[in-house]
Amino acid sequence: MRGLGWIRPHMPEASDGILTSAGICEGFAGAGVSSRVLIFAGFAGLVAGTLAMGAVEYSKLRAEHDRQAAALAAERARLETAPDAELDELTTLYVSRGLSPGLARNVAVELTAHDALAAHAEAEYGITAASRAAPFRDTFAVSAAFAAGALLPWLAIVVIPGPSRAAVTFAVVLAALALTGWVSARIWQVRPVVPMLRTACVGGLSMLITYFAGHLLHP
């Protein structure tokens, strides 16, 4: 589904946000705390979860960015000091992937003439312009996806009054999780029934566990 392809990498974070926020809200609701405490706990979980997700993602992407930068710097140095050996290495790589020696040599020569560093980066390390780690951009996207998912259960807790709050929030979250399953299925072009049921059932079970944990363990 082309129109939804741009959200594909961030569906897991959105689902994590929904489940994390819903679990916190349902757990505190099960404990029977006041509305003010429940709303504050949900908001604190939303903020803490978003920041934690961003921090973890940034650390991971920063390490990947540094690894890629080091590999490219080393490759650039080798291209400057031993270009012929690097051309032979590139040819060997293409031969190992199924090209005939003559064709592999021609491809290596043409790609080297166009952009030697890019050719070696992709062939040796799988690094392309699209795969280069962008810590700040990707961290923001992941954090935003988590926050968007986490916002829904918290808003349900805020908006829905009285004793029906936990039950209605439970239903809203199940619907949201089913929707994420449907979107994922459309993106990957598979039948949506199983992903929808799987995400809804897992989410429902996790909310029930946290609700009853709060109910049983709260002093």
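Any read-out appearing in this document is the output of simple, stated calculations on the displayed coordinates, not a laboratory observation. For clarity, every value in this text was computed on a predicted model and none was experimentally measured. Methodologically, a virtual Cβ is constructed for each residue, glycine included, from the backbone with ideal geometry; neighbour enumeration extends over all protein chains shown.
Observations on the model:
- Segment 63-125 - Debye-derived log10 I(q)/I(0), Cα point model, q = 0.17 Å⁻¹: -0.55
- The translational diffusion coefficient of the chain, from Stokes-Einstein at 20 °C and 1.002 mPa s with a Kirkwood hydrodynamic radius over alpha carbon pairs, comes to 104 µm²/s.
- Highest to lowest packing among 147-153, 77-83, scored as the average C-beta count within 10 Å: 147-153, 77-83
- Across segment 41-165, C-alpha contacts under 8 Å between residues 6 or more apart give a mean separation that, scaled by the residue count, equals a relative contact order of 44 percent.
- Couplings 3J(HN,Hα) of segment 88-104, computed from phi: 4, 5, 5, 4, 4, 4, 5, 5, 5, 9, x, 7, 5, x, x, 5, 4 Hz, in residue order, whole Hz [Karplus 6.51 cos²θ - 1.76 cosθ + 1.60, θ = phi - 60°; x for Gly and Pro].
- Taken over the Cα atoms of segment 1-100, the convex hull encloses 174 Å³ per residue.
- Footprinting exposure proxy for Val168, Val173 (fewest neighbouring C-beta atoms within 10 Å first): Val168, Val173
- Separation of alpha-carbon centers, segment 76-120 and segment 152-209, rounded to whole Å: 51
- Residues whose placed amide H lies under 5 Å from that of Ala31, excluding near-sequence neighbours: His215
- Here the 3J(HN,Hα) profile of segment 192-205, calculated from phi with Karplus coefficients 6.51, -1.76 and 1.60 at θ = phi - 60°, is x, 4, 5, x, 5, 5, 5, 5, 5, 5, 4, x, x, 5 Hz, Gly and Pro shown as x.
- Using θ = phi - 60° and Karplus 6.51 cos²θ - 1.76 cosθ + 1.60, couplings along segment 28-42 (whole Hz; Gly, Pro as x): 6, 5, x, 6, x, 6, 5, 4, 5, 5, 4, 5, 5, 4, x
- The C-alpha atoms of segment 132-202 occupy a region whose extents along the principal axes are 50, 33, 15 Å, arranged from largest to smallest.
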